[in-house]
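Here is the structure we will look at, set down as structure tokens.
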Amino acid sequence: MTDSLSKNQPQQNEQQNDRLHRYVFNELDCRGELVQINQSLNQVFENHQYPQPVKQLLAELMVATALLTATLKFEGDISVQLQGDGPVNYAVINGNNKLELRGLAKLQGEIVNEDLHSLLGHGHMVITITPVKGERYQGIVLLEGENLAQCFEAYFKQSEQLKTKLWIACELSPENNKAAALFLQILPANTTRAEEDFQHLSVLTSTVKDQELLHLDANTLLTRLYHQENPTIFPSKEVKFKCGCSREKTEAALVGMDKQELLEQVESQGPINVDCQFCQARFSFDAADIKKLPS
Ligand SMILES: [Zn+2]
């Protein structure tokens, strides 16, 4: 008995730590989402030596992307890229409708200040949605908001014409990393009443403290924030780190290159190693592997 309990325990904790909850308010024309991540965020940072402000940026980008992904009613992939001319010139979170996410950031200079604009400089956020069926959609917003939450709010306003607000909190340490976010969006009705509902719920949601957002379980948090608004909470979904790289995909990239040149490279420098930039998995190709590649 004790054995099975102790075996089950970590699994339960894991499930609670990386989950996304969606809810609607029965009497109010708004919907909401709550996401809390821990393990999946640790995995994004694994094998990377990011400075603290870059970790913060990626953590915020990851929870915001999870929220955005959960608003989509499709099967497919999503990519949210930040591109700028600051010390962090690139950051990306890739995900899909199963809430499998991965991400990375690239640095080109020394970080002096930690706010969004000091990190990225002038730039934009590019959101690409690629459904399995149907057309690819791309939305671009300038990084003009004070923080990432405001950039996402601008995106929703631009792409869906729906008032949206995000609240993001992170807690990062060398041993463990947590991030969480709340999402509030007006329903497409867009009536005066919906506007009032959104305003009312924004005020309530703004009372949330970072500690609550990061550490309370979903039911306690949502009850504390909205005890009179009576949200109906749908079954939660797990958020996972998953890279999606593979030997096959790496091979496909090599197929486009000159086979003779690749063989000469192997001859002079040994096997060609291709490292995944996201998870650092290494795929190694020797002369025999190269010869087997389709021409
Ligand atoms: Zn990978």
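The values are calculated or read from the model by the stated rules, or taken from the named source; none is laboratory data. Because the structure is a prediction, the values reported are computed rather than measured. In this analysis, Cβ positions are derived from the backbone assuming ideal geometry, glycine residues included, and neighbour counts consider all displayed protein chains.
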Quiz item: Taking the condition free of Cβ contacts under 8 Å to residues at least 40 places away in the same chain, of a type in the set (Phe, Trp, Tyr), within 16 Å of the ligand (Cβ to nearest atom) and in contact with a helix residue (DSSP H, G or I) (Cβ under 6 Å, 6 or more places away or on another chain), does residue 241 pass?
Solution: no
Practice problem: With the condition kept exactly as written, say whether any residue in the range 272-279 is surrounded by fewer than 14 Cβ atoms within 10 Å (Cβ to Cβ) and more than 27 Å from residue 70 (Cβ to Cβ). | Solution: yes
Practice problem: Run down 114, 153, 60, 110 and say which single residue is farther than 20 Å from residue 170 by Cα and either in the same structural domain as residue 179 (by TED's automatic domain parsing) or outside any strand (DSSP E or B) (or both). | Solution: 110
Quiz item: What tally of residues in the range 223-242 results from selecting those that are of a type outside the set (S, T, N, Q) and touching an Asp or Glu at 6+ places or on another chain (Cβ under 9 Å)?
Solution: 8
Practice problem: Scan the range 229-236 and give yes if some residue there is of a type outside the set (Phe, Trp, Tyr), in contact with a strand residue (DSSP E or B) (Cβ under 8 Å, 6 or more places away or on another chain) and either outside the structural domain of residue 52 (by TED's automatic domain parsing) or under 18 Å from residue 65 (Cβ atoms) (or both), otherwise no. | Solution: yes
Quiz prompt | Selection status of residue 177, touching a residue at least 24 places away in the same chain (Cβ under 8 Å), more than 30 Å from residue 277 (Cα to Cα), in the same structural domain as residue 80 (by TED's automatic domain parsing) and out of contact with any His (no Cβ under 8 Å at 6 or more places or on another chain) | solution = no
Practice problem: Residue by residue through the range 19-47, note down the ones that are over 18 Å from residue 156 (Cβ atoms), at pLDDT 95 or above and not in a helix (DSSP H, G or I). | Solution: 19, 21, 36, 37, 38
Exercise. Could you please let me know if residue 72 is at pLDDT below 95 and within 24 Å of residue 23 (Cα to Cα)?
Key: yes
Quiz item: Does the range 263-286 include one or more residues that are within 16 Å of the ligand (Cβ to nearest atom), more than 30 Å from residue 171 (Cα to Cα) and in contact (Cβ under 8 Å) with a residue 40 or more places away in the chain?
Solution: no
Self-check item: Complete set of residues in the range 180-211 that are out of contact with any strand residue (DSSP E or B) (no Cβ under 9 Å at 6 or more places or on another chain) and in contact (Cβ under 8 Å) with a residue 60 or more places away in the chain
Solution: 189, 191, 193
Self-check item: residue 23 vs. criteria hydroxyl-bearing (Ser, Thr, Tyr), closer than 30 Å to residue 191 by Cα and in contact with a helix residue (DSSP H, G or I) (Cβ under 8 Å, 6 or more places away or on another chain)
Solution: yes
Quiz prompt | Scan of the range 110-136 for residues that are out of contact with any Lys or Arg (no Cβ under 9 Å at 6 or more places or on another chain), more than 20 Å from residue 151 (Cβ to Cβ) and surrounded by 12 or more Cβ atoms within 10 Å (Cβ to Cβ), ordered by number | solution = 131
Self-check item: Search result, residues across the range 73-112 that are of a type in the set (D, E, K, R) and within 15 Å of the ligand (Cβ to nearest atom)
Solution: 77, 100, 102
Quiz item: Looking only at the range 181-216, which residues are in a loop (DSSP other than H, G, I, E, B) and modelled with pLDDT under 95?
Solution: 187, 188, 189, 190, 191
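Would you point out which residue out of 71, 65 is among the hydroxyl-bearing types (Ser, Thr, Tyr), under 11 Å from the mean Cα position of the chain (by Cα) and surrounded by 15 or more Cβ atoms within 10 Å (Cβ to Cβ)? Break it down stepwise before answering.
Working: 71 fails: under 11 Å from the mean Cα position of the chain (by Cα).
Exactly one residue qualifies, and that residue is 65.
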